Amino acid sequence: MSTSAITSSQPDLLPEGLEDRLPREAATTTRVMRAIHGVMHGHGYDRVLPPMVEFDETLGARMAGIRSRRMFRFVDPQSLRMLILRGDHTPQIGRIAASRLSAAARPLRLCYAGQVVLIRGDGLDPARERLQCGAELIGADNVAAASEIVATAIEALQAAGATGVSVDFTLPDLVDVLAAQALPLAPDAIEGVRRELDTKDAGGLVDAGGAGYVPLLYATGDFDRAIERLAAFDTTGVLAGRIAALREISVRLDGRARLTLDPSERHGFEYQSWFGFTLYADGVRGLLGRGGTYRIAGPNGGEVATGFSLFPDALIDRLAVAEPVEDCVFLPLGHDADAAARLRAIGWRTIAALSATDNAAALGCSHLLTVDGPVPV
């Protein structure tokens, strides 16, 4: 069917991967955003509001690995320069930190919340517009910073209503570190080894020239067991610092969530450095967020940072089913305006009649304002 035929026969059709959120889902979204922001704010993260559109070269230049080709790009009719529609807040936070807030004390704690849009969905998830909430700790990427970021992300998800939160740790630069020292690889073989590790294919890994990397396929799962297998694999000690850091982060989290390890996982970690993690929760399909350490490009080698991004849409979908209906007071024609104002001041919602035919029950009101105050409908 042609685009014109779809438009004429279904004029209200939305583009693939985009959807409306109706009142109940919108209410849940607002509550979840407030809960997440409340946790980040409580831990000292200041919110910033970057624009939806930026210059393509500005956004891409701040962080290596940003896949700007996945984002909507178009020419600015005023400057005639290429613009890009935001697909990820993180590089925008990096730009703000490196420019407008370059003189601010470090470590700098910033947070954000808003929509991001991509040209196509990710894997089995067809959504092209997603809510992204997150926090960035700029100027630090040590164990303390990583522990704070992971703990804050867990707390934010739990405050939003997630249960059974689990965290899967990874080492995004693992293959690069091993290929440079302990298990040398030809430059043209590195990408093939990464790919076979991602697919967990032992035979393919051997065929790609990575026979020595096969034990990494079994250093996965429950954190305590997997970290021991990773330590046994690291006979040269090249990973000793990273292994010690992961163990310390685990101790600092002190049972806040279930911990697992997949040291070679690379999907979604385009710009992270030595540490990365993915967040999941019971009853929620797919991941709820990811984070890790990275570097913001700039003078003198740039600046290190640690952060996380939450994508709570799937959690919102699950919670919206049970979103409670708020009490609401119907205000009849000629009602006492001062009494109605006092009700709103203490948290009531009110709906005022605009004609004699307006009906409290039909408008979803739970109470009716009378001279004696609100009474159930």
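The values are calculated or read from the model by the stated rules, or taken from the named source; none is laboratory data. What you see is a predicted model, and the numbers here were worked out from it, not measured in a lab. Note that we place each Cβ from the backbone using ideal geometry, even for glycine, and neighbour counts take in every protein chain shown.
Exactly one residue out of Val177, Val116, Val143, Val167 is β-branched (Val, Ile, Thr) and touching a His at 6+ places or on another chain (Cβ under 9 Å), and it is Val116. Answer with yes or no whether Ala182 is buried (at least 20 other Cβ atoms within 10 Å of the Cβ) and touching a residue at least 24 places away in the same chain (Cβ under 8 Å). Criteria not met by Ala182.
Listed here are the residues, each with its yes/no results for (1) closer than 20 Å to Cys111 by Cα; (2) surrounded by fewer than 19 Cβ atoms within 10 Å (Cβ to Cβ); (3) of a type outside the set (Gly, Ala, Ser).
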| position | (1), (2), (3) |
| --- | --- |
| Val251 | no, yes, yes |
| Ala257 | no, no, no |
| Arg266 | no, no, yes |
| Glu270 | no, yes, yes |
| Phe277 | yes, no, yes |
| Asp282 | no, yes, yes |
| Gly286 | no, yes, no |
| Arg290 | yes, no, yes |
| Ile296 | yes, no, yes |
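Of the listed requirements (1) more than 26 Å from Asp262 (Cα to Cα); (2) crowded, with 20+ Cβ neighbours inside 10 Å, Ile138 misses just one: (1).
Here Gly139, Gly65, Gly42, Gly121 are screened, and the one residue that is in the same structural domain as Leu287 (by TED's automatic domain parsing), modelled with pLDDT of 95 or more and either in contact with a Cys (Cβ under 8 Å, 6 or more places away or on another chain) or closer than 28 Å to Leu315 by Cβ (or both) is Gly42. Residues of region 334-343 include none that is in the same structural domain as Met33 (by TED's automatic domain parsing), small (Gly, Ala, Ser), buried (at least 16 other Cβ atoms within 10 Å of the Cβ) and in contact with a Leu (Cβ under 8 Å, 6 or more places away or on another chain).
The criterion of at least 3 residues that are over 14 Å from the mean Cα position of the chain (by Cα) and not aromatic (Phe, Trp, Tyr) is met by the following strands (runs of 3 or more DSSP E) wholly inside region 69-155: 82-85, 108-117. Within region 326-377, the residues that satisfy the criterion of being more than 41 Å from the chain's Cα centre (by Cα) and assigned to a strand (DSSP E or B) are Leu331, Leu368, Leu369, Thr370, Gly373, Pro374, Val375, Pro376. Inside region 215-228, residues that are surrounded by 16 or more Cβ atoms within 10 Å (Cβ to Cβ) and over 30 Å from the mean Cα position of the chain (by Cα) make up a count of 0.
What residue, among those in region 344-372 that are touching a strand residue (DSSP E or B) at 6+ places or on another chain (Cβ under 9 Å) and small (Gly, Ala, Ser), is surrounded by the most Cβ atoms within 10 Å (Cβ to Cβ)? Among those that are touching a strand residue (DSSP E or B) at 6+ places or on another chain (Cβ under 9 Å) and small (Gly, Ala, Ser), it is Ala360.
Could you tell me whether region 42-50 includes any residue that is over 22 Å from Arg106 (Cβ atoms), in a helix (DSSP H, G or I), over 17 Å from the mean Cα position of the chain (by Cα) and not aromatic (Phe, Trp, Tyr)? Among the residues of region 42-50, not one is over 22 Å from Arg106 (Cβ atoms), in a helix (DSSP H, G or I), over 17 Å from the mean Cα position of the chain (by Cα) and not aromatic (Phe, Trp, Tyr), which makes the answer no. Beta carbons closer than 6 Å, at least 6 apart along the sequence or on distinct chains, pair a first residue in region 276-297 that is touching a residue at least 12 places away in the same chain (Cβ under 8 Å) and assigned by TED's automatic domain parsing to the domain that holds Gly94 with a second that is polar (S, T, N, Q) and assigned to a strand (DSSP E or B) for Gly276/Thr170; Tyr280/Ser166; Leu287/Thr278; Gly289/Ser309; Arg290/Thr278; Thr293/Thr306. For region 170-280, the helices (runs of 4 or more DSSP H) that sit wholly inside it and include 1 or more residues that are of a type in the set (Lys, Arg) are 190-199, 223-233, 240-253.
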